[in-house]
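Before any comments, here is the structure.
The values are calculated or read from the model by the stated rules, or taken from the named source; none is laboratory data. The structure displayed is predicted, hence computed values, not measured ones. Every residue, glycine among them, receives a Cβ derived from its backbone with ideal geometry; neighbour counts consider all protein chains shown.
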DNA sequence: TTGAAAGCGATACCAA
DNA sequence: TTGGTATCGCTTTCAA
């Protein structure tokens, strides 16, 4: 293995000079700078990450705690992960991927062994058991989601409450009086997952203010699950004319069901989906949707992390405003 | 930060003894063992990962190179990632996640800076440009996929050639003479992605041997894309009675299309899907499928990596035999 | 503008 | 069964 001393020797300088050439932390004469660069190139020198971490107390690695469950598959999660890895690289950081499975212990492990400089935590729950552990860490932490008590940690997310309000308002303005909310799988609510509970809450409040009826049911991500969910919604609301879908996995199934019944969108049923735009566009009828801006959120999460690594003390909080894009899956209710 | 010397002092032993207690690399008397353990516990000591890496030349981190593209979303990839992270943890390793975007440079960076002990590379192409770089690394490498030239690297994958053969045989035995292959998105073939080209190849050979007609078209993962793909297949095969689907993203759309046409499965069209079992089960009609055993493959990849880290010299190669599960989406062709 | 050298916090060899 | 200590490769302070 070629070390910094090898480079120094080859360039006829001291190791510290090589280090400074690399870090740019002190002025170097053009002449030596070139000689060092050549030596590095010629020897194929790469700084040893462990040695660097030991000497500098910086690893240039972020931990990303992601909900990798064996059962639930969520494409949106991939978008977050992709965005965060890509953005982290733009800031010269790598990403260590942790699952939820280890819980607070895993977080503690990578943080207190100094494997990472900072942590980004996805899929935060309202009363997340990991928050106390996170709050005591030396490293900066950014949560994706807004728990009830953030314990002074930075948070970023889409304003799901406002998103639900936007959806309900939009449908109400089209004349719908009974709206179904096709929710995420039941387990998501049982965990108190931040985004889902906030969306539900926002929807209920909006419905109350608008004086429309809103029925909500969790929905498993299968055809069967959707059928059951719809049945339940329709037994609660006899004149169901519109749905808000907070579960991109069942959009395809929803169209199958409607087609089997001979119903069309939006003539018989209006739909507002909360999902990434590509999912909304890939359906038989392009869906009116509220974008889940996973890429933007990931980028902001990384930005907040970097701010804190750069010395910023106070935690930041960012709630992105939702935007509804009308694509034609909303119309007036059939019986009007 | 509490270091190994602090623990040593607190326990009244030398730092090396603490190290040996932790590693178990030499016998320690029960008495000191307990004293050290107590000191560790009391002080909340955590070995510094960087220091450890520097001294031992081991990071206990694996690199996972995954196809995280902003455009394409594939749930199967999540299953691989989940499996690999989970299995790596069972072997006391963490996972550093890299995208394809950086190409060979990213691989070189993490490998030659000694950030990782080994690499697992997903989504390998037939002529993968990263293979030369991978072959020169000090660290063990395991590929998921079988490139044309593996350069002495370990490989693991489902036998997609056999999978296609299995599907074609199954349909041919039901009496189908014209079979459509709904492929992955075009970009996947343009890259020469190992699994897709092997499946296509196996399907063509099997069709030839069985004397049935096989038409293949790539398919974009949208409703529109599927419609176009089906049109093309049907214009090539006028008596198309069965399809093999190597694109789980369009299964939902496929049912929508059939329902719109008033066609049923398997009465009008037989389907064999190549996808994870949960996807096959979540459709309006449970699909006869050939399982993509992502979890098993991930586990094997990690196992191969660990074998090599344990000193095994020769690369290993594992091609998993496909298994077809009949769930009722295959029947006899309508006109028979 | 550059060099020398003291750490950083472990591991593992050599002794005892 | 245990201790002392050189060593890993880099960063950074102190001097020149």
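Test of understanding: among A:74, A:110, which residue is in the same structural domain as residue A:135 (by TED's automatic domain parsing), touching a strand residue (DSSP E or B) at 6+ places or on another chain (Cβ under 9 Å) and more than 15 Å from DNA strand D (Cβ to nearest atom)?
Numbers: A:74 fails: touching a strand residue (DSSP E or B) at 6+ places or on another chain (Cβ under 9 Å).
Just a single option satisfies the conditions, and that option is A:110.
Please tell me if residue A:256 is surrounded by 24 or more Cβ atoms within 10 Å (Cβ to Cβ) and outside any strand (DSSP E or B). Please lay out each step first, then the result.
Numbers: surrounded by 24 or more Cβ atoms within 10 Å (Cβ to Cβ): yes; outside any strand (DSSP E or B): yes.
Yes; evaluated as a whole, the condition is true for this residue.
Restricting to region B:24-60, name every residue that is more than 16 Å from DNA strand D (Cβ to nearest atom) and either in a helix (DSSP H, G or I) or assigned by TED's automatic domain parsing to the domain that holds residue B:111 (or both).
Across region B:24-60, the qualifying residues are B:41, B:42, B:43.
When you look at residue B:132, is it farther than 28 Å from residue A:54 by Cα and either touching a residue at least 60 places away in the same chain (Cβ under 8 Å) or within 14 Å of chain A (Cβ to nearest Cβ) (or both), yes or no?
On the way: farther than 28 Å from residue A:54 by Cα: yes; either touching a residue at least 60 places away in the same chain (Cβ under 8 Å) or within 14 Å of chain A (Cβ to nearest Cβ) (or both): no.
No, not satisfied.
What residue, of A:266, A:221, is out of contact with any strand residue (DSSP E or B) (no Cβ under 6 Å at 6 or more places or on another chain), under 30 Å from residue A:121 (Cβ atoms), in a loop (DSSP other than H, G, I, E, B) and in contact (Cβ under 8 Å) with a residue 12 or more places away in the chain?
A:221
Yes or no: residue A:294 away from chain B (no Cβ under 14 Å) and either touching a strand residue (DSSP E or B) at 6+ places or on another chain (Cβ under 6 Å) or touching a residue at least 24 places away in the same chain (Cβ under 8 Å) (or both)? Spell out how you get there, then give the answer.
Details: away from chain B (no Cβ under 14 Å): no; either touching a strand residue (DSSP E or B) at 6+ places or on another chain (Cβ under 6 Å) or touching a residue at least 24 places away in the same chain (Cβ under 8 Å) (or both): yes.
When the stated conditions are applied, residue A:294 does not pass them.
Which one of these does residue B:66 not meet: (1) within 16 Å of DNA strand D (Cβ to nearest atom); (2) modelled with pLDDT of 95 or more?
The failed condition is (1).
May I ask you to list the residues in region B:9-18 that are near DNA strand C (Cβ under 9 Å from one of its atoms), assigned to a helix (DSSP H, G or I) and surrounded by fewer than 19 Cβ atoms within 10 Å (Cβ to Cβ)? Steps first, please.
If we filter region B:9-18 for residues that are near DNA strand C (Cβ under 9 Å from one of its atoms), which is where we start, we get B:14-18.
Keeping just the survivors that are assigned to a helix (DSSP H, G or I) gives B:15-18.
Listed by number, the residues that qualify are B:15, B:16.
Within region B:115-126, is there a residue that is at positive phi, more than 10 Å from chain A (Cβ to nearest Cβ), in a loop (DSSP other than H, G, I, E, B) and surrounded by 18 or more Cβ atoms within 10 Å (Cβ to Cβ)? Before you say what the answer is, go through the steps one by one.
Filtering region B:115-126 down to residues at positive phi leaves B:123.
Then keep just the ones that are more than 10 Å from chain A (Cβ to nearest Cβ); that gives B:123.
Of the ones still in play, those that are also in a loop (DSSP other than H, G, I, E, B) are B:123.
Still in the list and also surrounded by 18 or more Cβ atoms within 10 Å (Cβ to Cβ): B:123.
Checked against the condition, which is being at positive phi, more than 10 Å from chain A (Cβ to nearest Cβ), in a loop (DSSP other than H, G, I, E, B) and surrounded by 18 or more Cβ atoms within 10 Å (Cβ to Cβ), region B:115-126 yields at least one hit.
Is it the case that region B:243-251 has a residue that's surrounded by fewer than 21 Cβ atoms within 10 Å (Cβ to Cβ), in the same structural domain as residue B:287 (by TED's automatic domain parsing) and outside any strand (DSSP E or B)?
If we filter region B:243-251 for residues that are surrounded by fewer than 21 Cβ atoms within 10 Å (Cβ to Cβ), which is where we start, we get none.
No; the residues of region B:243-251 include none that is surrounded by fewer than 21 Cβ atoms within 10 Å (Cβ to Cβ), in the same structural domain as residue B:287 (by TED's automatic domain parsing) and outside any strand (DSSP E or B).
Name the residue, out of B:259, B:208, B:232, that is modelled with pLDDT under 95 and either over 28 Å from residue A:222 (Cβ atoms) or in the same structural domain as residue B:182 (by TED's automatic domain parsing) (or both). Reasoning before the result, please.
Values: B:208 fails: modelled with pLDDT under 95; B:232 fails: modelled with pLDDT under 95.
Just one listed residue meets the conditions, B:259.
Here is a list of conditions, (1) under 29 Å from residue A:118 (Cα atoms); (2) surrounded by fewer than 24 Cβ atoms within 10 Å (Cβ to Cβ); (3) within 14 Å of another protein chain (Cβ to nearest Cβ), and residue A:228 meets all of them except one; can you say which number that is?
Condition not satisfied by residue A:228: (1).
For the structure I just gave you, tell me whether residue A:28 is surrounded by 15 or more Cβ atoms within 10 Å (Cβ to Cβ), within 14 Å of chain B (Cβ to nearest Cβ) and near DNA strand C (Cβ under 10 Å from one of its atoms).
On the way: surrounded by 15 or more Cβ atoms within 10 Å (Cβ to Cβ): yes; within 14 Å of chain B (Cβ to nearest Cβ): no; near DNA strand C (Cβ under 10 Å from one of its atoms): yes.
The answer is no for residue A:28.
What's the number of the condition residue B:334 fails, among (1) surrounded by 17 or more Cβ atoms within 10 Å (Cβ to Cβ); (2) in a loop (DSSP other than H, G, I, E, B)?
Residue B:334 satisfies all of (1) surrounded by 17 or more Cβ atoms within 10 Å (Cβ to Cβ); (2) in a loop (DSSP other than H, G, I, E, B) except (1).
Name, by its number, the condition in (1) surrounded by 17 or more Cβ atoms within 10 Å (Cβ to Cβ); (2) more than 7 Å from DNA strand C (Cβ to nearest atom); (3) not in a loop (DSSP other than H, G, I, E, B) that does not hold for residue B:68.
So residue B:68 meets the others, but not (3).
Restricting the search to region B:173-196, which residues are over 19 Å from residue B:273 (Cβ atoms) and crowded, with 21+ Cβ neighbours inside 10 Å? Outline the logic, then answer.
Filtering region B:173-196 down to residues over 19 Å from residue B:273 (Cβ atoms) leaves B:175, B:177, B:186-187, B:190-192, B:194.
Across region B:173-196, the qualifying residue is only B:194.
Which of (1) buried (at least 22 other Cβ atoms within 10 Å of the Cβ); (2) within 11 Å of chain A (Cβ to nearest Cβ) is the odd one out, the single condition residue B:57 does not satisfy?
Against the list (1) buried (at least 22 other Cβ atoms within 10 Å of the Cβ); (2) within 11 Å of chain A (Cβ to nearest Cβ), residue B:57 comes up short only on (1).
Is one or more of the residues making up region B:108-115 within 20 Å of the chain's Cα centre (by Cα) and touching a residue at least 12 places away in the same chain (Cβ under 8 Å)? If you could, list the steps in order and put the result at the bottom.
Step one: of region B:108-115, the residues within 20 Å of the chain's Cα centre (by Cα) are none.
Taking every residue of region B:108-115 in turn, none turns out to be within 20 Å of the chain's Cα centre (by Cα) and touching a residue at least 12 places away in the same chain (Cβ under 8 Å).
Confirm whether residue A:88 is assigned to a helix (DSSP H, G or I) and within 16 Å of DNA strand D (Cβ to nearest atom). Don't jump to the end; show me each part of the working.
Details: assigned to a helix (DSSP H, G or I): yes; within 16 Å of DNA strand D (Cβ to nearest atom): no.
No, not satisfied.
Return only the number of the condition from (1) assigned by TED's automatic domain parsing to the domain that holds residue B:95; (2) closer than 21 Å to residue B:217 by Cα that residue B:305 does not satisfy.
It is condition (2) that residue B:305 fails.
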